[in-house]
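See structure below.
Just so you know, all these numbers are worked out from the coordinates, no wet-lab data involved. The model shown is predicted, which means the values in this text are computed figures rather than measured ones. Cβ placement follows ideal geometry from the backbone for every residue including glycine, while neighbour counts extend to all protein chains displayed.
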Amino acid sequence: MLRLISDNTSIKFIKLKLVTFSISTILSIASIFVVFFIGLNLGIDFKGGILLEVRTSSNITISSIRNEISNLNIGEISIQEFGKDSDYLIRIERQEGPDSAQQIAVEAIKTSLDKAFAKDIEYRRLEYVGPTVSKDLVSDGFMAIIFAIIAMLAYIWFRFELPFAIGAIVALMHDIILTMGLFAILGLEFNLATVAAILLIIGYSMNDTVVVYDRIRENLRKFKKMNLNDLLDKSINETLSRTINTTVTTILALGALYLFGGQIIADFAFAMLWGIVVGTYSSIFIASNILVYVNVRRSKESES
């Protein structure tokens with residue numbers, strides 16, 4: 001069986017708790033600051049508007065497309081490469097008025113591009129998202145994340161006990177905040193696919209945490225007089241090989257998805273890649289280390 005790390009490691013993870021807590025706290029505060037004061041690059045799912053995907057010949061550039069449609073007086077327009085060099089996404093802010101106003105804006109763009117580029121342009125995708133739908137999507141996406149966190153809290157509390165649940169929830173919040181902060185800093189589009197990625201990150205991180213917590217609980221029963229710091233280090237080291245193997249194999253799969261899956265799912269795959277790394281880190285350095293500061297009832301665990 002392939003092992004990327006020895007089963008007999010003896011790393012003193014708990015000694016690093018002040019360093020790792022400090023790093024995580026600084027990054028979390030920075031992420032919150034960026035999200036609130038710079039903001040997320042919300043996709044059309046959340047803002048509402050029009051999305052038009054086009055494929056062109058190689059001699060057509062973003063600047064040439066922008067020159068043709070910039071004088072149409074249809075509000076904010078953004079154009080970006082999408083997948084191949086000849087593919088572009090054109091995003092237009094939602095037009096005031098009924099649905100017919102959106103159709104008029106699209107027809108104006110198509111007419112302008114057809115006139116300039118004739119048969120060198122192909123329209124591949126068209127999406128409309130209205131303001132009511134976008135507000136509902138924002139609310140539903142936010143509530144999905146909240147309900148997932150509450151469900152995980154209840155699960156860990158029921159399976160273990162409250163101190164373990166506290167550690168798990170702090171680790172989950174850490175993963176979510178850092179993921180949203182990264183998207184805000186890099187200006188990546190935050191859409192429904194990103195929300196789905198965050199929900200998957202929550203599940204992955206929780207799975208890693210439960211594996212470590214199971215070993216901690218077993219060792220609490222076996223080593224009744226062992227120093228808690230030593231017991232936590234022992235438990236993390238005993239599960240480290242499994243954690244690293246799972247993380248690396250997942251990263252390989254997601255890396256292939258990111259590199260070869262196309263631009264449509266690139267941001268989703270990137271969010272997952274980042275989340276897997278952060279989730280693994282938090283399972284080892286956050287969820288377990290917090291048990292040092294909460295009241296883990298060792299006597300109860302020893303008797304069960």
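The amide H of Phe82, built 1.01 Å from its N in the peptide plane, has Asp87, Tyr88, Leu89 as neighbours under 5 Å, considering only residues 5 or more places off or on other chains. Per-residue packing, averaged as other Cβ atoms within 10 Å, sorts the ranges 111-121, 283-293, 160-170, 38-48 into the order 283-293, 160-170, 38-48, 111-121, beginning with the highest.
Just to verify a number: FRET efficiency for Thr9 and Met173, C-beta to C-beta distance, R0 = 22 Å, to 0.05? Numbers along the way, then the final one.
Details: r = 28 Å, r/R0 = 1.27.
Computed FRET efficiency for Thr9 and Met173 comes out at 0.20.
Just to be sure I understand, if you calculate Kirkwood radius over Cα pairs in Å for this structure, which of (i) 20.0; (ii) 22.0; (iii) 19.3 do you get? Checking each listed value against the structure points to (ii). Can you give me the angle between helix 17-37 and the longest principal axis of the chain, using Cα atoms only, in degrees from 0 to 90, rounded to the nearest 10? Value to nearest ten degrees: 20.
For a modelled paramagnetic label at Thr25, 7 Å from Cα along Cα-to-Cβ, the residues of segment 174-212 in reach, with backbone nitrogen under 16 Å, are 174. Model label sites at Ala118 and Tyr155, defined 7 Å from Cα along the beta-carbon direction, differ in position by 6.0 nm.
Under 1.5 on a/c is rounded, so check that first for segment 49-129, then, if it is not, pick prolate when a/b is larger than b/c and oblate when it is not; a ≥ b ≥ c are the square roots of the alpha carbon gyration tensor eigenvalues. List each step's numbers first, then the result.
Working: a/c = 1.83, a/b = 1.58, b/c = 1.16.
It comes out prolate by the Cα gyration axes.
With a simple spin-label model that places each label point 7 Å from the Cα along the Cα-to-Cβ direction, the separation between Val138 and Glu96 comes to 1.9 nm.
The mean sequence distance of close C-alpha pairs (under 8 Å, at least 6 residues apart), as a share of the length of segment 7-158, puts its relative contact order at 30 percent.
Rounded to 0.05, the FRET efficiency of the Val294 and Arg242 pair, given R0 = 25 Å and the Cβ-Cβ distance, is 0.50. Quick one: helix 131-159 against the long Cα principal axis of the chain, what's the angle to the nearest 10°, folded into 0 to 90? The two axes meet at around 10 degrees. Close lysine pairs were tallied over the chain: pairs 8 or more places apart or on different chains with Cα atoms under 25 Å apart number 25.
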